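What follows is one structure encoded as structure tokens, with my remarks underneath.
The values are calculated or read from the model by the stated rules, or taken from the named source; none is laboratory data. All of these numbers come straight from a predicted model, not from anything done at the bench. Here the Cβ positions follow ideal geometry from the backbone for every residue, glycine too, while neighbour counts run over all protein chains shown. Heavy atoms of the whole protein, side chains included, go into the accessibility calculation; ligands, DNA and RNA do not. Shrake-Rupley method; radii C 1.70, N 1.55, O 1.52, S 1.80 Å.
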Amino acid sequence: MDEKFLLDANTFITPFQNYYSFDLAPGFWKQLKTKLKLNSVYLLDVAKNEIEKGEDELSEWFDSVSGINIIDRRDSSIITKYTEILSFLQNSPLYSEKALRNWSNINVADPWLIATSSVLGYTLVTFETSAGTISVNNPSSRPKIPDIALKFDVKCVNLFYFMRKMGIVWG
């Protein structure tokens, strides 16, 4: 099976703010626009909302892209997996009650991204990195996508892996 990707909003926001501004790296955005229309690249509705609420040059660019594959998180199998993820946080001694409260907010994309990737077997593309070693003696209040994704057999990669796999290059 060919690898399919689900993109976190930060795979757009971080490059826009830090690496690939529209004036310095138009080639990145032009190629990304093309890749967003492929049947191997997806975006979750809640991540789309996060990008669009920026009301900046990135949100304007995003609104100009047609044919993006958007997944509706209200699918029953995704909701079931989302519930499992929140239950994991609730029952894990590695995470505090604050962690559960943060991720229980319906507009927080992280648990939805993991749930969707788990259900559909997609690779999750995010700039978020592991929290490293966490301890029951000092439970984390900030769960990180790669750490929780690992518990649900979801492969997490960064934007640069995605760019290589999709052939987004310029020289």
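Given the conditions (1) surrounded by fewer than 19 Cβ atoms within 10 Å (Cβ to Cβ); (2) of a type in the set (Lys, Arg); (3) within 23 Å of Val157 (Cβ to Cβ), and given that Lys98 satisfies all but one, which numbered condition is not satisfied? Condition (3) is where Lys98 drops out.
Given the structure, is Gly54 in contact with a Lys or Arg (Cβ under 6 Å, 6 or more places away or on another chain) and more than 20 Å from Ile114 (Cβ to Cβ)?
no
Just to verify a result, which residue in the stretch 141-167, among those that are open to solvent by 50 Å² or more (accessible area, probe 1.4 Å) and in contact with a Phe, Trp or Tyr (Cβ under 7 Å, 6 or more places away or on another chain), is nearest to Lys33 (Cα to Cα)? Filtering the stretch 141-167 for residues that are open to solvent by 50 Å² or more (accessible area, probe 1.4 Å) and in contact with a Phe, Trp or Tyr (Cβ under 7 Å, 6 or more places away or on another chain), the one nearest to Lys33 (Cα to Cα) comes out as Asn158. Scanning the stretch 16-71 for residues that are outside any helix (DSSP H, G or I) and in contact with a strand residue (DSSP E or B) (Cβ under 7 Å, 6 or more places away or on another chain) turns up Ser40, Val41, Tyr42, Leu43, Leu44, Ile68, Asn69, Ile70, Ile71.
State all residues of the stretch 72-95 that are open to solvent by 40 Å² or more (accessible area, probe 1.4 Å) and assigned to a loop (DSSP other than H, G, I, E, B); if no residue qualifies, say none. Don't jump to the end; show me each part of the working.
Our first condition is that a residue be open to solvent by 40 Å² or more (accessible area, probe 1.4 Å); within the stretch 72-95, this holds for 72, 74-77, 79-81, 83-84, 87-88, 90-91, 93-94.
Passing the criteria: Asp72, Arg74, Asp75, Pro93, Leu94.
Give me the residue from the stretch 101-140 that is of a type in the set (S, T, N, Q) and within 11 Å of the chain's Cα centre (by Cα) and, out of that set, surrounded by the fewest Cβ atoms within 10 Å (Cβ to Cβ). Within the stretch 101-140, the match that is surrounded by the fewest Cβ atoms within 10 Å (Cβ to Cβ) is Thr123. Only one of the numbered conditions (1) part of a helix (DSSP H, G or I); (2) open to solvent by less than 70 Å² (accessible area, probe 1.4 Å); (3) over 20 Å from Met163 (Cβ atoms) is not met by Phe12, and that is (3). Only residues that are under 19 Å from Glu50 (Cβ atoms), part of a helix (DSSP H, G or I) and either of a type outside the set (S, T, N, Q) or touching a helix residue (DSSP H, G or I) at 6+ places or on another chain (Cβ under 8 Å) (or both): list them for the stretch 102-138, please. If the condition is that a residue be under 19 Å from Glu50 (Cβ atoms), part of a helix (DSSP H, G or I) and either of a type outside the set (S, T, N, Q) or touching a helix residue (DSSP H, G or I) at 6+ places or on another chain (Cβ under 8 Å) (or both), then Trp103, Ser104, Ala109, Asp110, Pro111, Trp112, Leu113, Ile114, Ala115, Thr116, Ser117 are the ones that fit.
For first residues located in the stretch 36-54 and under 14 Å from Asn107 (Cβ atoms), partners that are part of a loop (DSSP other than H, G, I, E, B) and open to solvent by 40 Å² or more (accessible area, probe 1.4 Å) and lie 6+ apart or on another chain with Cβ distances below 6 Å form the pairs Asp45/Asp72. In the set Leu38, Leu44, only one residue is closer than 23 Å to Gly167 by Cβ and modelled with pLDDT of 95 or more; that residue is Leu38.
The number of residues in the stretch 17-45 that are open to solvent by 50 Å² or more (accessible area, probe 1.4 Å) and of a type in the set (Phe, Trp, Tyr) comes to 1.
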